[in-house]
Amino acid sequence: MSNPLQDLVAFLTANTGDFNALGAAKYVVVLTFYALMVCSVILLAVNLRQDRAQRSGTLLWFWAVRVLVGCLWFQGMLWTLPFGTQNVLSSWTQQVAGRAAVPQLASFVGDVVVPHFSLFDPLAFLVAFGFATAFILGLFVRVAGIGSMIVALALWVGLYGQRPGDPAEWPWSYVFLALLGGTLATVAAGRAMGADAWIRRNVPSVRDRRVAGWPLRILT
């Protein structure tokens, strides 16, 4: 039986079942994770140095929560790999086709997504990787938060039912994941020592509230 520390070490050394299924490519994936984390710490340090207002326990908490949610999505991204019907996402997609609380969703997944899973899988990978990158770096967190909330609610509805023999799921897990995404978007957690804070402070059109800077202000 493993424990949290062993699981953490296994993830950081790319020695989990999800990682090992990738073969040598697992090292590219885990190095990408390390690169994101290093960039997140650099952004933390730069923001603390440039802006006294960033030196807040509340903002540090938002930073920690945001980064950990990003790690969650990065780990979830591994379920989409390697591309094909042998990964974890494939089996759970088939579960949605049989246990979704909304019949229309079950029909869509069963009739469209499952038969075309080879097209859906890379899209799911990009979405999960995008959320992970956004949360870890604090980049466009308002968009990522809303997007992750929508995905979590879709999972809540899609896996709400349970047939005999189905793996058990606690629906509240997805509700809380949706609440996390919505909260990070609402508080604009990217402004807590993230790339969003740097953009709003250092990009003149954004900082000075010029018309040209409004798209970035909305995103950050």
* Taking only the range 160-218 into account, find how many residues are within 17 Å of the chain's Cα centre (by Cα), more than 30 Å from residue 93 (Cα to Cα) and surrounded by fewer than 16 Cβ atoms within 10 Å (Cβ to Cβ). => 0
* Hits in the range 33-48 (condition: closer than 16 Å to residue 12 by Cα and either surrounded by 15 or more Cβ atoms within 10 Å (Cβ to Cβ) or among the polar types (S, T, N, Q) (or both)) -> 33, 36, 37
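Got a number for residues in the range 170-211 being within 28 Å of residue 52 (Cβ to Cβ) and part of a helix (DSSP H, G or I)?
Looking only at that region, the number is 19.
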* Among the residues of the range 138-148, which ones are part of a helix (DSSP H, G or I) and buried (at least 20 other Cβ atoms within 10 Å of the Cβ)? -> 141, 142, 144, 145, 148
* Asked: Does residue 98 qualify as being more than 30 Å from residue 44 (Cα to Cα), in contact (Cβ under 8 Å) with a residue 60 or more places away in the chain and part of a helix (DSSP H, G or I)?
  -> yes
* Being at pLDDT below 95, assigned to a loop (DSSP other than H, G, I, E, B) and within 23 Å of the chain's Cα centre (by Cα), is that true of even one residue in the range 64-84? -> yes
* Asked: If residue 122 passes every condition in (1) without any contact (Cβ under 8 Å) to a residue 12 or more places away in the chain; (2) farther than 29 Å from residue 44 by Cβ but one, which one does it miss?
  -> (1)
* In the range 112-132, is there at least one residue being within 25 Å of residue 200 (Cα to Cα), touching a Leu at 6+ places or on another chain (Cβ under 8 Å) and either in a helix (DSSP H, G or I) or polar (S, T, N, Q) (or both)? -> yes
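The values are calculated or read from the model by the stated rules, or taken from the named source; none is laboratory data. In this text, all values refer to a predicted model and were calculated from it rather than measured experimentally. All Cβ positions, even for glycine, are placed from backbone atoms using ideal geometry, and neighbour counts span all protein chains on display.
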